[in-house]
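Asks: My questions will all concern the structure given below.
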Amino acid sequence: MNGRASQAAGILLDRHREIVEPTTFRLLGREWDLLPGVYAPQLTQSAALYAEWLPYPVHGSFCEVGSGCGYLAVTAALRGCASVTALDVSAAAADNTRMNAVRHGVEDRVRVAHGDMFAPLSGDDRFDLIFWNSNFVEAPAGEREGAELERAFFDPGYGAHEAYLRDAPRHLQPGGRLLLGFTDLGSEEHLDELAVRHGWTAGTVRAARCGTADGHIEYRLVEFRRAG
Ligand SMILES: C[S@@+](CC[C@H](N)C(=O)[O-])C[C@H]1O[C@@H](n2cnc3c(N)ncnc32)[C@H](O)[C@@H]1O
(Lines give C-alpha, C1' and ligand atoms only; values in the text may rest on other atoms or scores of the structure.)
Protein backbone atom coordinates (compact mmCIF):
# COMPACT_ATOMS: atom_id res chain seq x y z
CA MET A 1 0.00 0.00 0.00
CA ASN A 2 1.50 3.38 -0.86
CA GLY A 3 1.98 5.86 1.99
CA ARG A 4 -0.17 8.60 0.48
CA ALA A 5 -3.08 6.20 -0.03
CA SER A 6 -2.90 4.74 3.46
CA GLN A 7 -2.72 8.21 5.03
CA ALA A 8 -5.69 9.53 3.05
CA ALA A 9 -7.75 6.38 3.73
CA GLY A 10 -6.86 6.52 7.44
CA ILE A 11 -8.10 10.12 7.73
CA LEU A 12 -11.35 9.30 5.93
CA LEU A 13 -11.85 6.10 7.93
CA ASP A 14 -11.49 8.08 11.19
CA ARG A 15 -14.17 10.52 10.00
CA HIS A 16 -16.46 7.57 9.27
CA ARG A 17 -15.86 6.09 12.73
CA GLU A 18 -17.23 9.30 14.25
CA ILE A 19 -20.63 8.44 12.73
CA VAL A 20 -22.13 6.21 15.43
CA GLU A 21 -25.85 6.96 15.03
CA PRO A 22 -28.16 6.86 12.01
CA THR A 23 -28.11 10.31 10.44
CA THR A 24 -29.09 12.18 7.29
CA PHE A 25 -27.15 14.32 4.84
CA ARG A 26 -27.87 16.41 1.74
CA LEU A 27 -26.38 15.55 -1.63
CA LEU A 28 -27.48 16.23 -5.21
CA GLY A 29 -30.31 18.42 -3.91
CA ARG A 30 -31.86 15.61 -1.87
CA GLU A 31 -31.88 14.31 1.68
CA TRP A 32 -30.42 10.83 2.29
CA ASP A 33 -30.31 8.40 5.20
CA LEU A 34 -26.94 7.17 6.40
CA LEU A 35 -26.38 4.24 8.77
CA PRO A 36 -23.25 3.89 10.93
CA GLY A 37 -20.64 1.64 9.32
CA VAL A 38 -21.67 2.60 5.77
CA TYR A 39 -19.49 4.62 3.37
CA ALA A 40 -20.49 8.29 3.66
CA PRO A 41 -20.48 9.83 0.16
CA GLN A 42 -20.93 13.39 1.43
CA LEU A 43 -17.41 13.33 2.90
CA THR A 44 -15.66 13.44 -0.49
CA GLN A 45 -16.31 15.01 -3.86
CA SER A 46 -16.55 11.71 -5.72
CA ALA A 47 -20.30 11.31 -5.23
CA ALA A 48 -21.28 14.38 -7.20
CA LEU A 49 -18.75 13.55 -9.92
CA TYR A 50 -19.88 9.97 -10.50
CA ALA A 51 -23.54 11.01 -10.38
CA GLU A 52 -22.82 13.53 -13.15
CA TRP A 53 -20.47 11.36 -15.22
CA LEU A 54 -22.35 8.06 -15.36
CA PRO A 55 -23.97 7.31 -18.73
CA TYR A 56 -27.27 6.11 -17.18
CA PRO A 57 -29.02 3.67 -19.51
CA VAL A 58 -32.38 5.46 -19.69
CA HIS A 59 -35.15 2.81 -20.00
CA GLY A 60 -32.42 0.20 -19.54
CA SER A 61 -30.85 -1.77 -16.72
CA PHE A 62 -28.14 -0.63 -14.33
CA CYS A 63 -26.21 -2.68 -11.77
CA GLU A 64 -24.24 -0.94 -9.05
CA VAL A 65 -21.75 -3.07 -7.16
CA GLY A 66 -20.94 -1.68 -3.69
CA SER A 67 -23.94 0.63 -3.50
CA GLY A 68 -23.14 1.88 0.02
CA CYS A 69 -25.97 4.10 1.23
CA GLY A 70 -27.54 3.87 -2.23
CA TYR A 71 -27.46 7.49 -3.38
CA LEU A 72 -26.24 6.48 -6.87
CA ALA A 73 -28.55 3.49 -7.35
CA VAL A 74 -31.51 5.67 -6.37
CA THR A 75 -30.29 8.52 -8.59
CA ALA A 76 -30.07 6.08 -11.53
CA ALA A 77 -33.72 5.11 -10.98
CA LEU A 78 -34.75 8.77 -10.69
CA ARG A 79 -32.84 9.56 -13.91
CA GLY A 80 -34.88 7.01 -15.86
CA CYS A 81 -33.26 3.56 -15.60
CA ALA A 82 -36.08 1.02 -15.87
CA SER A 83 -34.43 -1.34 -13.42
CA VAL A 84 -31.59 -0.93 -10.95
CA THR A 85 -29.83 -3.70 -9.06
CA ALA A 86 -27.76 -2.60 -6.06
CA LEU A 87 -25.31 -5.05 -4.50
CA ASP A 88 -23.06 -4.72 -1.47
CA VAL A 89 -20.96 -7.06 0.64
CA SER A 90 -21.98 -5.00 3.69
CA ALA A 91 -25.36 -5.91 5.18
CA ALA A 92 -25.67 -2.41 6.66
CA ALA A 93 -25.05 -0.88 3.21
CA ALA A 94 -27.74 -3.08 1.63
CA ASP A 95 -30.21 -2.01 4.36
CA ASN A 96 -29.20 1.61 3.84
CA THR A 97 -29.76 1.39 0.08
CA ARG A 98 -33.26 -0.05 0.69
CA MET A 99 -34.01 2.84 3.08
CA ASN A 100 -33.04 5.43 0.50
CA ALA A 101 -34.97 3.69 -2.28
CA VAL A 102 -38.08 3.87 -0.08
CA ARG A 103 -37.33 7.47 0.97
CA HIS A 104 -37.26 8.53 -2.68
CA GLY A 105 -40.16 6.34 -3.85
CA VAL A 106 -38.20 4.10 -6.25
CA GLU A 107 -38.28 0.81 -4.33
CA ASP A 108 -40.30 -0.74 -7.18
CA ARG A 109 -37.34 -0.19 -9.54
CA VAL A 110 -34.39 -0.73 -7.18
CA ARG A 111 -33.65 -4.33 -6.24
CA VAL A 112 -31.12 -4.60 -3.41
CA ALA A 113 -29.07 -7.66 -2.47
CA HIS A 114 -26.38 -8.36 0.10
CA GLY A 115 -23.39 -10.47 -0.94
CA ASP A 116 -19.90 -10.66 -2.34
CA MET A 117 -19.53 -9.04 -5.74
CA PHE A 118 -21.98 -10.68 -8.24
CA ALA A 119 -22.76 -13.70 -6.01
CA PRO A 120 -26.36 -12.61 -5.27
CA LEU A 121 -27.21 -12.57 -9.01
CA SER A 122 -28.57 -15.41 -11.10
CA GLY A 123 -26.98 -16.42 -14.40
CA ASP A 124 -29.81 -14.67 -16.28
CA ASP A 125 -29.16 -11.27 -14.74
CA ARG A 126 -27.64 -9.05 -17.42
CA PHE A 127 -27.27 -5.28 -17.48
CA ASP A 128 -26.70 -2.41 -19.89
CA LEU A 129 -24.29 -0.78 -17.43
CA ILE A 130 -22.34 -2.11 -14.47
CA PHE A 131 -20.51 0.31 -12.20
CA TRP A 132 -18.50 0.08 -8.96
CA ASN A 133 -17.05 3.01 -7.01
CA SER A 134 -14.41 0.71 -5.65
CA ASN A 135 -12.35 0.25 -2.47
CA PHE A 136 -9.33 1.28 -4.51
CA VAL A 137 -6.68 1.31 -1.72
CA GLU A 138 -4.67 -1.87 -2.22
CA ALA A 139 -3.88 -3.59 1.08
CA PRO A 140 -1.23 -6.34 1.17
CA ALA A 141 -2.42 -9.65 -0.30
CA GLY A 142 -3.40 -12.16 2.35
CA GLU A 143 -4.27 -9.46 4.87
CA ARG A 144 -7.42 -10.46 6.70
CA GLU A 145 -10.47 -8.67 5.36
CA GLY A 146 -11.42 -6.05 7.95
CA ALA A 147 -14.73 -4.93 9.35
CA GLU A 148 -17.43 -4.02 6.86
CA LEU A 149 -16.48 -0.34 6.94
CA GLU A 150 -12.84 -1.13 6.16
CA ARG A 151 -13.96 -3.06 3.09
CA ALA A 152 -15.26 0.24 1.72
CA PHE A 153 -11.65 1.46 1.55
CA PHE A 154 -9.21 -1.45 1.34
CA ASP A 155 -8.99 -4.39 -1.06
CA PRO A 156 -6.29 -6.90 0.00
CA GLY A 157 -4.30 -7.93 -3.08
CA TYR A 158 -7.04 -6.42 -5.28
CA GLY A 159 -8.97 -9.68 -4.94
CA ALA A 160 -12.31 -7.88 -5.23
CA HIS A 161 -11.11 -5.89 -8.25
CA GLU A 162 -10.06 -9.15 -9.89
CA ALA A 163 -13.48 -10.71 -9.21
CA TYR A 164 -15.16 -7.65 -10.74
CA LEU A 165 -13.17 -7.93 -13.98
CA ARG A 166 -13.36 -11.73 -14.13
CA ASP A 167 -17.10 -12.11 -13.50
CA ALA A 168 -18.66 -8.99 -15.06
CA PRO A 169 -18.86 -10.44 -18.61
CA ARG A 170 -21.45 -13.01 -17.40
CA HIS A 171 -23.71 -10.13 -16.41
CA LEU A 172 -23.35 -7.69 -19.30
CA GLN A 173 -25.90 -7.43 -22.09
CA PRO A 174 -24.38 -7.55 -25.58
CA GLY A 175 -22.97 -4.03 -25.97
CA GLY A 176 -23.24 -3.43 -22.22
CA ARG A 177 -20.66 -1.19 -20.56
CA LEU A 178 -18.37 -1.87 -17.60
CA LEU A 179 -17.19 1.12 -15.58
CA LEU A 180 -15.19 1.63 -12.40
CA GLY A 181 -14.79 4.61 -10.09
CA PHE A 182 -11.08 4.72 -9.27
CA THR A 183 -8.49 7.29 -8.13
CA ASP A 184 -4.80 8.10 -8.35
CA LEU A 185 -4.44 6.62 -4.85
CA GLY A 186 -5.14 3.18 -6.29
CA SER A 187 -2.61 0.94 -8.03
CA GLU A 188 -3.09 1.72 -11.70
CA GLU A 189 -0.40 -0.79 -12.63
CA HIS A 190 -2.12 -3.66 -10.81
CA LEU A 191 -5.52 -2.68 -12.22
CA ASP A 192 -4.12 -2.67 -15.77
CA GLU A 193 -2.49 -6.06 -15.18
CA LEU A 194 -5.82 -7.52 -13.98
CA ALA A 195 -7.63 -5.97 -16.93
CA VAL A 196 -5.23 -7.60 -19.39
CA ARG A 197 -5.45 -10.96 -17.55
CA HIS A 198 -9.24 -10.95 -17.96
CA GLY A 199 -9.35 -9.71 -21.55
CA TRP A 200 -10.04 -6.01 -21.09
CA THR A 201 -8.42 -2.76 -22.10
CA ALA A 202 -8.80 -0.05 -19.47
CA GLY A 203 -9.19 3.62 -20.36
CA THR A 204 -10.01 6.69 -18.31
CA VAL A 205 -13.11 8.37 -19.75
CA ARG A 206 -13.49 11.19 -17.19
CA ALA A 207 -11.17 12.58 -14.51
CA ALA A 208 -11.16 15.47 -12.06
CA ARG A 209 -8.52 16.61 -9.60
CA CYS A 210 -9.99 17.75 -6.28
CA GLY A 211 -8.38 19.39 -3.27
CA THR A 212 -8.59 17.63 0.09
CA ALA A 213 -7.56 18.63 3.64
CA ASP A 214 -4.22 16.86 3.15
CA GLY A 215 -3.47 17.43 -0.53
CA HIS A 216 -5.40 16.39 -3.62
CA ILE A 217 -6.97 13.35 -5.20
CA GLU A 218 -7.79 12.60 -8.82
CA TYR A 219 -11.12 10.81 -9.27
CA ARG A 220 -11.37 8.74 -12.43
CA LEU A 221 -14.15 7.03 -14.30
CA VAL A 222 -12.46 4.04 -15.95
CA GLU A 223 -14.11 2.06 -18.73
CA PHE A 224 -13.15 -1.53 -19.61
CA ARG A 225 -13.60 -2.62 -23.23
CA ARG A 226 -13.04 -6.11 -24.58
CA ALA A 227 -9.44 -6.30 -25.83
CA GLY A 228 -8.54 -7.08 -29.39
C1 LIG B 1 -15.95 3.43 -1.86
S2 LIG B 1 -17.38 2.62 -1.24
C3 LIG B 1 -18.63 3.27 -2.34
C4 LIG B 1 -20.02 3.24 -1.77
C5 LIG B 1 -21.08 3.96 -2.61
N6 LIG B 1 -21.19 3.39 -3.94
C7 LIG B 1 -20.74 5.44 -2.69
O8 LIG B 1 -20.19 5.86 -3.74
O9 LIG B 1 -21.03 6.14 -1.72
C10 LIG B 1 -17.15 0.93 -1.84
C11 LIG B 1 -18.32 0.01 -1.57
O12 LIG B 1 -18.00 -1.27 -2.11
C13 LIG B 1 -18.42 -2.28 -1.20
N14 LIG B 1 -17.63 -3.49 -1.45
C15 LIG B 1 -16.34 -3.74 -1.14
N16 LIG B 1 -16.00 -4.98 -1.52
C17 LIG B 1 -17.10 -5.55 -2.08
C18 LIG B 1 -17.38 -6.82 -2.63
N19 LIG B 1 -16.46 -7.77 -2.68
N20 LIG B 1 -18.65 -7.06 -3.10
C21 LIG B 1 -19.60 -6.09 -3.03
N22 LIG B 1 -19.39 -4.86 -2.51
C23 LIG B 1 -18.16 -4.59 -2.04
C24 LIG B 1 -18.20 -1.66 0.17
O25 LIG B 1 -18.97 -2.31 1.18
C26 LIG B 1 -18.62 -0.21 -0.09
O27 LIG B 1 -19.98 -0.01 0.16
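Asks: How big, on average over all directions, is the shadow cast by the Cα convex hull of the chain, in nm²? Working shown, then result.
Replies: Details: hull surface 46.2 nm².
Answer in nm², one decimal: 11.6.
Asks: With a 1.4 Å probe and all protein chains in place, put LEU78, LEU12, LEU221 in order of accessible area, largest first. Please report the intermediate quantities before stating the final value.
Replies: On the way: LEU78 65, LEU12 30, LEU221 5 Å².
These residues rank, largest area first, as LEU78, LEU12, LEU221.
Asks: Given 0.36 nm per residue, what is the gain on full extension from GLU143 to CYS210 after removing their alpha carbon distance, in nm? Don't skip to the end; give the middle numbers.
Replies: Numbers: separation 67, 0.36 × 67 = 24.12 nm, distance 3.00 nm.
Residue separation times 0.36 nm, minus the Cα-Cα distance, leaves 21.1 nm.
Asks: Okay, next question. Express in whole angstrom the spacing between the alpha-carbon centres of segment 68-103 and segment 178-196.
Replies: A separation of 24 Å, based on Cα centres.
Asks: Given a 1.4 Å probe and the protein chains all in place, what does the accessible area of ASP167 round to, in Å² to the nearest 10?
Replies: 20 Å²
Asks: If you put +1 on each Lys and Arg Cβ and -1 on each Asp and Glu Cβ, how big is the dipole of segment 3-226 around its Cα centre, in Debye rounded to 20?
Replies: Numbers: 22 positive and 31 negative charges, 135 e Å.
The dipole of segment 3-226 has a size of about 640 debye.
Asks: Solvent-accessible area of VAL102, probe 1.4 Å, all protein chains present, reported in Å² to the nearest ten, please.
Replies: It works out to around 90 Å².
Asks: Could you pull out the trypsin sites (Lys or Arg not before Pro) across segment 43-111 that fall in loop regions by DSSP (anything but H, G, I, E, B) with no more than 16 other Cβ atoms inside 10 Å? Walk me through the intermediate numbers first.
Replies: Values: sites: ARG79, ARG98, ARG103, ARG109, ARG111; in loops: ARG79, ARG109.
Answer by residue number: ARG79.
Asks: How high is the relative contact order of the chain, in percent, counting Cα pairs under 8 Å that sit 6 or more residues apart?
Replies: On the way: 457 pairs, mean separation 37.5, N = 228.
RCO, the chain: 16 percent.
Asks: Looking at segment 45-101, what % of the alpha carbon pairs are farther apart than 19 Å? Each step should come with its number before you reach the end.
Replies: Values: 337 of 1596 pairs.
For segment 45-101, the fraction of Cα-Cα distances above 19 Å is 21 percent.
Asks: Of TYR158, ALA5, LEU191, which is farthest along the charge dipole of the chain in the positive direction, counting Lys and Arg as +1 and Asp and Glu as -1 at C-beta?
Replies: Checking the options against the dipole of the chain, the answer is LEU191.
Asks: As a test of the definition: which semi-axes, in Å, follow for segment 1-109 when you take the square root of five times each eigenvalue of its alpha carbon gyration tensor? Largest first, please. It would help to have the intermediate numbers written out before the result.
Replies: On the way: eigenvalues 119, 51, 31 Å².
Taking √(5λ) for each Cα gyration eigenvalue gives 24, 16, 12 Å.
Asks: Okay, next question. In whole percent, how big is the carbon plus sulfur part of the accessible area of segment 3-226, probe 1.4 Å, protein atoms only?
Replies: Whole-percent figure for carbon plus sulfur exposure: 48.
Asks: Then there's this: For segment 148-228, what is the charge dipole size about the Cα centre, in debye to the nearest 20, if Lys and Arg each add +1 at the Cβ and Asp and Glu each add -1 at the Cβ?
Replies: On the way: 10 positive and 13 negative charges, 111 e Å.
Dipole magnitude for segment 148-228 comes out near 540 debye.
Asks: Using a 1.4 angstrom probe, figure out how much accessible area the chain has per residue, in square angstrom, rounded to the nearest whole. Show your work: numbers first, answer last.
Replies: Details: 10110 Å² over 228 residues.
Using a 1.4 Å probe on heavy atoms only, each residue of the chain averages 44 Å².
Asks: How far apart, in nm, are the 7 Å Cα→Cβ label points at ARG166 and ARG79?
Replies: Placing both labels 7 Å along Cα→Cβ, they lie 3.0 nm apart.
Asks: Next question. Considering only DSSP states other than H, G, I, E and B, which chymotrypsin sites (Phe, Trp or Tyr not before Pro) in segment 66-127 qualify as loop sites with at most 15 other Cβ atoms within 10 Å?
Replies: Here no loop site has a sparse enough neighbourhood.
Asks: With a 1.4 Å probe and every protein chain left in place, tell me how much accessible area MET99 has, in Å² to the nearest 10.
Replies: About 70 Å², rounded to the nearest 10.
The values are calculated or read from the model by the stated rules, or taken from the named source; none is laboratory data. Keep in mind the model is a prediction, meaning the values are calculated, not measured. Note that we place each Cβ from the backbone using ideal geometry, even for glycine, and neighbour counts take in every protein chain shown. Keep in mind that these areas ignore ligands, DNA and RNA; they rest on the heavy atoms of the full protein, side chains included. Shrake-Rupley method; radii C 1.70, N 1.55, O 1.52, S 1.80 Å.
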